[in-house]
Amino acid sequence: MAAPRRLQMALLEHELAQARFQYNLVLAAILEAAERERQRARRRERRWWVREWILRRPLFGQYDTLMKELEAEHAADFKAFRHMEPQMYYELLNRVGPRITKNAAFPLRQYMLKPYPHRHLARDERIFNYRCSRARRVVENAFGILANRFISLLTTLGMRPSTVTKTVMACMTLHNLMRTRYPNIQNADLDREDEQGQFIAGAWRDQAVLEDVQAAGNGPRLTGPGKELRAYLKNYFCSPAWSVPWQDFASGLG
């Protein structure tokens, strides 16, 4: 009689353990569902995942027209960005701005053009800045894609100058070979523009392989021939011979 009773008690204990286990599973599932619902209720519905004024930065520059855009479109973002209201910001800018001098990273030369300063620009100056930036992106693509593909170019090359020349030429040859063999894959790396002239960043920019250029110290900033060449190209870009249909819109004038 004792053995059957012990067997019956063991079966009851087993069934009780199974019931307790299932109860804990159900309780855990209920608590997890309640936590998900609580987090979902607390999550704020977003109107934008990325604000439009952030998406426009590669086209208009990091700060070229940023303040005007924020003032016109997102007053709260303007205050969050500058930690002050627009009226206070412009009052301080008018008081302090004339006393500030700036040095660009490179001087203006015939062989090295740079945009006009980014305040109170005329139409033709803004168009020149857009066209200059558009040409600069070609150079950025050349250096950026090559350095992104061959990481040895991202650091100082401990080689003789003649060997460095051969190394760079070998990288360019391999790059051109891959562009010929796999054109569709390679084209994804390039910057491009849509029908409206809107800038579309290439995949190479996601890697951030190029650092911003640092200021190159004081010294003569402008030369007469450099200013004359910039003015000549400014007028040329706005002439019927060399203007493009989308440049007004892409320069922020449309």
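The values are calculated or read from the model by the stated rules, or taken from the named source; none is laboratory data. Bear in mind the structure is a predicted one, so any value in this text is a computation, not a measurement. Glycine also receives a Cβ, built like all others from the backbone with ideal geometry; neighbour counts cover every protein chain displayed. Each accessible area value is taken on the protein alone, full model and side chains, heavy atoms only, with ligands, DNA and RNA left out. Shrake-Rupley method; radii C 1.70, N 1.55, O 1.52, S 1.80 Å.
Just a few scattered comments:
- Of residues in segment 154-166 being more than 18 Å from residue 144 (Cβ to Cβ) and either small (Gly, Ala, Ser) or not in a loop (DSSP other than H, G, I, E, B) (or both), the one most open to solvent (accessible area, probe 1.4 Å): 166
- Residues of segment 123-153 that are assigned to a helix (DSSP H, G or I), open to solvent by less than 40 Å² (accessible area, probe 1.4 Å) and hydrophobic (A, V, I, L, M, F, W, C): 127, 128, 132, 145, 146, 147.
- Subset tally (residues that are at pLDDT below 75, on the phi < 0 side of the Ramachandran plot and open to solvent by 50 Å² or more (accessible area, probe 1.4 Å)) for segment 202-240: 13
- For segment 181-198, the criterion of being within 30 Å of residue 245 (Cα to Cα), part of a loop (DSSP other than H, G, I, E, B) and aliphatic (A, V, I, L, M) is satisfied by at least one residue.
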